[in-house]
1. Can you tell me which residue within region 254-265, out of those that are out of contact with any Leu (no Cβ under 8 Å at 6 or more places or on another chain) and closer than 24 Å to residue 204 by Cβ, is modelled with the highest pLDDT?
2. Taking residue 153, is it over 23 Å from residue 210 (Cα atoms) and among the β-branched types (Val, Ile, Thr)?
3. Checking the condition out of contact with any helix residue (DSSP H, G or I) (no Cβ under 8 Å at 6 or more places or on another chain), surrounded by fewer than 21 Cβ atoms within 10 Å (Cβ to Cβ), of a type outside the set (A, V, I, L, M) and under 18 Å from residue 168 (Cα atoms), which residue from 103, 90, 72, 67 passes?
4. Just checking, which of 195, 207, 224, 185 is in contact (Cβ under 8 Å) with a residue 24 or more places away in the chain, outside the structural domain of residue 95 (by TED's automatic domain parsing) and closer than 20 Å to residue 239 by Cβ?
5. Among the residues of region 24-40, write down those that are of a type in the set (Gly, Ala, Ser) and either over 23 Å from residue 100 (Cβ atoms) or surrounded by fewer than 19 Cβ atoms within 10 Å (Cβ to Cβ) (or both).
6. Criterion first (small (Gly, Ala, Ser) and closer than 24 Å to residue 248 by Cα) does residue 167 satisfy it?
7. Would you confirm whether any residue within region 66-80 is without any contact (Cβ under 8 Å) to a residue 40 or more places away in the chain, outside the structural domain of residue 165 (by TED's automatic domain parsing) and more than 20 Å from residue 116 (Cβ to Cβ)?
8. Please work out which residue is surrounded by the most Cβ atoms within 10 Å (Cβ to Cβ), limiting yourself to region 238-254 and to residues that are in contact (Cβ under 8 Å) with a residue 24 or more places away in the chain and of a type in the set (Ser, Thr, Tyr).
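The values are calculated or read from the model by the stated rules, or taken from the named source; none is laboratory data. Every value quoted in this text rests on a predicted model; they were computed, and no experiment measured them. When we count neighbours, we look across all protein chains shown, and the Cβ atoms used for this are built from the backbone with ideal geometry, even at glycine.
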Amino acid sequence: MPTQVGTSTAWTALSSGQAHSCAIRSDTTLWCWGLNTYGQLGLGSTTQQNSPVQVTTPATGGWAQVSAGNGSTCAIRTDGSLYCWGNDASGQLGDGGTTEQNSPVPVTTPAAGGWTSVSVGSSFACGLRTSALYCWGVNSNGQLGIGTTTGATTPTAVAGTWSSVSAGTFHTCAIATAATLWCWGNGGNGRLGTGNTTTIKSPAQVGTANDWHTVSAATTFTCGTRAGPTTWCWGQNNLGQLGLSDLTDRTTPQLLPLSGRPVEAGSESNGTSLIQPQ
C-alpha cells in the first residue's frame, strides 16, 4: 500500500529515475533520495540516501522543475537556469565534458538561462528554451533528433518549434507548437508511432492530428493525450502496458477506452514529472 515519503505534505513535483527520485516542495527547495553511485542525488557525495535530502547547491534561489534519469538528474531553477549532475560518461550533463559530477553544474550552452522544461532519458537529455528544443548526450539510436548518430556534450538544436518534450530510454517524442506530435530514435516495437519499427534520426510526424496535449516516452512504448481528452498508446505491449486488453505490439497510436487527465508512461530510465500542474 502507498507509504508517505517523509512528513511533509507540501510536495509540488516529483520525478523518478532508474533507482533514485527527486522532488520539489512548495517552498521551491529540491530534495533527492535513493541510489547515488554517480552522484545523481546532487548532494556532493556518492552516498546512498534512504530518505529525502535537500540539494543545497547552488546556495541561493529556488527550483521550478526536475527530471531524474538513469544515473543523472537535471533541474531548472526559478530564474530559468539549467543544472545537471550525476553520470556524464556520454556527455548527458550538457556541460561540455564527460566528467561525473556529484553536485549540480550549470548548463551554459546556448545561454545561461531561458530554460522552460527538461526531460532526462537514458544517458541523454532534452530541454526547451521557450519554443527551441535542444538535446545532448548519447545518440547511438538517433535519439537526439539531429540527423546523425553522433553524440553531443552540449545542448544541440533540433529543427522546429516545440511546446513539450519527453525523453525515453532510446527514443524521444515532442509536441510542436502546432500541436502535432513527432518522435525519433529507436523504432523497435513501434514505439515511435510512425507505422513501422524503423530507427529514425530526425523528428518524424506521428499521424496527422494537430490536437496533441501531452506525450510521455517510456522504455519501449509511448503514450500521449489528445483533445477530448483522449488517451493513446503505442509500442511494445508484451505486458499489457498499452492498456488495450491484449498483448499485441502497435506501431501507431491506439485509442484507450479512457477519458480524463493526462497520463505518464513509466520507465526505469525516463524521468517524468508525475505531479502535473492542474
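1. So the first thing to find is which residues in region 254-265 are out of contact with any Leu (no Cβ under 8 Å at 6 or more places or on another chain), and the list is 255, 257-263, 265.
Still in the running and closer than 24 Å to residue 204 by Cβ: 255, 262-263, 265.
On the way: 255: 97, 262: 50, 263: 54, 265: 65.
Among those residues, the one meeting the criterion is 255.
2. Working: over 23 Å from residue 210 (Cα atoms): yes; among the β-branched types (Val, Ile, Thr): yes.
So residue 153 fits the description; yes.
3. On the way: 103 fails: under 18 Å from residue 168 (Cα atoms); 72 fails: surrounded by fewer than 21 Cβ atoms within 10 Å (Cβ to Cβ); 67 fails: surrounded by fewer than 21 Cβ atoms within 10 Å (Cβ to Cβ).
Selected residue: 90, the only one of 103, 90, 72, 67 that is out of contact with any helix residue (DSSP H, G or I) (no Cβ under 8 Å at 6 or more places or on another chain), surrounded by fewer than 21 Cβ atoms within 10 Å (Cβ to Cβ), of a type outside the set (A, V, I, L, M) and under 18 Å from residue 168 (Cα atoms).
4. Working: 195 fails: closer than 20 Å to residue 239 by Cβ; 207 fails: closer than 20 Å to residue 239 by Cβ; 185 fails: closer than 20 Å to residue 239 by Cβ.
Step by step, each of 195, 207, 224, 185 is checked, and only 224 is in contact (Cβ under 8 Å) with a residue 24 or more places away in the chain, outside the structural domain of residue 95 (by TED's automatic domain parsing) and closer than 20 Å to residue 239 by Cβ.
5. Step one: of region 24-40, the residues of a type in the set (Gly, Ala, Ser) are 26, 34, 39.
Once the filter is applied, which keeps residues that are of a type in the set (Gly, Ala, Ser) and either over 23 Å from residue 100 (Cβ atoms) or surrounded by fewer than 19 Cβ atoms within 10 Å (Cβ to Cβ) (or both), region 24-40 yields only 26.
6. Working: small (Gly, Ala, Ser): yes; closer than 24 Å to residue 248 by Cα: yes.
So residue 167 passes the test.
7. First pass over region 66-80, keeping only residues without any contact (Cβ under 8 Å) to a residue 40 or more places away in the chain: 77, 79-80.
Those left that are additionally outside the structural domain of residue 165 (by TED's automatic domain parsing): 77, 79-80.
Within this subset, residues satisfying the condition of being more than 20 Å from residue 116 (Cβ to Cβ) are none.
No, the conditions are met nowhere in region 66-80.
8. 251
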